[in-house]
Amino acid sequence: MKKEKLFTKDFISTSVVTFVLMLSMYLLLVIMTSYSIEKYDASTSLAGLVSSIFIIGSLFGRLVAGRFITQIGTHKMLLMGLVIVVVTLMLYFIPTNIYVLMLIRLIHGLGLGLATTATGTIVSQILPPSRSGEGIGYFSLSTVLATAIGPLIGIALLGHFGYTSIFVFSFVVGIISLVLAGFIKAPVIVAKAHQKGFRFSDYFEKRALPISIVIFYAAFAYSGILSFITAYANEIKLVQAGSFYFLVYALAILVSRPFTGRLLDSRGGNSIIYPGLILFAGGLFLLSHTTTTVLFLCAAVIIGLGYGNLQSTTQAIAVKVTPKERMGLANSTYFIFLDLGLGFGPFALGYLVPTYGYSGVYLALAIFSLIGLVLYFFLHGRKDHDLLFPNGRK
């Protein structure tokens, strides 16, 4: 039997747009705190807020997108988000004050939230159902690669040309994403009539909630790596290894993704998420005890195989359990919980670092991840086969 086509023009274009969007986000993320301190003489806490307020804008954008994406249309929502992103990228050039910069960051996050919810929905709708797990796995590589490459480019540009070069680069790639998005042909999904007044189901997809809670839990643990890995590498005198962590992490995902996507479509989510949580815990445990470059980068590989594949699998499940006309809401719901985990984690874990140190926090997160096996079982794992293969497919 011939496989349905996966790498269509629209799939590739949407993936590239997402990669370019996320690349500009990570470029700015790694320099925004230091930029705020050097340019506006901001305190460390205020500079941290300038960086993280972006997440608040993104969350609001996802809420808006989830509520109105079916009525407006995925392609119009994508273009709307991209226009907001490009305009805010242009505003970074204008000398202002720290509070205007915070407003720019907030609006930039709003635009990104709208645009990335739209790209995730477009991909979910154009993929053949029999290969949706595999397709979403490949699609999510666009974010993984941006996570690895963005900070490297940002640090290199900053070192050689200064902050302005990063703003120029981000603006150029923003224009590229807007041009590419114009050629995407998104499916038209007929929306059901909405009742007036506030309803929870207008903003969240209840079928995607259980797996979204799982990714919130996992992302909370992973945020400890995003926030503290560089400081931890400096503390244990593995500075060079720390600079390569996310590159090695991304390569591990890149190599394994073709296999895990197919495994999800043929065997279901349990075949990836149970091993993924165990690998994630193992990687965190190794990280907490590492003293050499080899062990440090081995932890990056194991965490990439664990959390990296868990993240794409949970997104695919959120889409698989949802009707096509609600996929926009499913994507919005999923990413809201993902962003909440990544955003709240550093704030909560930051209180533990002074008492237990980075290694102690990573050890605690390893245990935390193992407890996640129980959470996953009750929220989704025990009914995984029935939800993903309702016709009894094995």
Measuring from its Cα centre, segment 206-328 shows a charge dipole (+1 at each Lys and Arg Cβ, -1 at each Asp and Glu Cβ) which, in debye to the nearest 20, is 460 debye
Taking 217-227, 362-372 and ranking on average Cβ neighbours within 10 Å, highest first, one gets 217-227, 362-372
Between the residues Ile55, Ile31, Thr8, the Cα farthest towards the positive end of the dipole of segment 5-76, that dipole coming from +1 and -1 charges on the beta-carbon of Lys, Arg, Asp and Glu, is from Thr8
Most exposed first, judged by fewest Cβ atoms within 10 angstrom, Thr260, Thr333 run Thr260, Thr333
Dimensionless Rg/Rh of segment 204-386, both radii on Cα and Rh by Kirkwood, sits at 0.98
With +1 on the Cβ of every Lys and Arg and -1 on the Cβ of every Asp and Glu, the dipole magnitude of the chain about its Cα centre, in debye rounded to the nearest 20, is 1340 debye
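Indicate the gyration tensor shape class of the chain (rounded, prolate or oblate), computed on the Cα atoms with a ≥ b ≥ c the square roots of the eigenvalues: a/c under 1.5 is rounded; otherwise a/b larger than b/c is prolate and the rest oblate.
Details: a/c = 1.60, a/b = 1.11, b/c = 1.44.
Note, shape of the chain comes out oblate.
Please report Thr121, Thr88 as a ranked list, fewest other C-beta atoms within 10 angstrom at the top and most at the bottom.
On the way: Thr121 30, Thr88 23.
Placing the least packed residue first, the sequence is Thr88, Thr121.
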At 25 °C and 0.890 mPa s, the Stokes-Einstein diffusion coefficient in µm²/s for segment 1-186, with hydrodynamic radius from the Kirkwood sum on alpha carbon pairs, is 145 µm²/s
So, with points 7 Å from each Cα along the Cβ direction, the Tyr356-Leu180 label distance in nm works out to 4.0 nm
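Pairs of Cα atoms under 8 Å, at least six residues apart: use those to get the relative contact order of the chain, whole percent. Show your work: numbers first, answer last.
Working: 622 pairs, mean separation 94.8, N = 394.
Relative contact order for the chain comes out at 24 percent.
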Largest-first semi-axes in Å of the equivalent ellipsoid built from the Cα gyration tensor of segment 245-335 are 28, 13, 11
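Could you give the alpha-carbon Rg of segment 222-269 over 2.2 N^0.38 Å, rounded to two decimals? List each step's numbers first, then the result.
Working: Rg = 14.9 Å, N = 48, 2.2 N^0.38 = 9.6 Å.
The reported ratio for this selection is 1.56.
When a/c is below 1.5 the answer is rounded, else prolate if a/b is larger than b/c, else oblate, so apply that to segment 314-381 with a ≥ b ≥ c taken from the square roots of the Cα gyration tensor eigenvalues.
Numbers: a/c = 4.66, a/b = 1.99, b/c = 2.35.
It is oblate, given that a/c is not under 1.5 and a/b is not larger than b/c.
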Taking the dipole of segment 204-386 about the Cα centre (Lys, Arg +1; Asp, Glu -1; charges at Cβ), the one of Leu363, Tyr307, Gly283 that reaches farthest to the positive side is Tyr307
The farthest towards the positive end of the charge dipole of the chain, of the residues Ile94, Ser45, Ser201, given +1 on Cβ of Lys and Arg and -1 on Cβ of Asp and Glu, is Ser201
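Within 10 Å of each residue's Cβ, count the other Cβ atoms and sort Lys185, Lys324 from fewest upward.
Details: Lys185 12, Lys324 16.
Fewest to most other Cβ atoms nearby, the residues stand as Lys185, Lys324.
All of the numbers you see were taken from the coordinates with simple rules; none came from a lab. Predicted model only: the values in this text are computed from it and were never measured. Cβ coordinates were reconstructed from backbone atoms using ideal geometry, including for glycine residues, and neighbour counts include every protein chain displayed.
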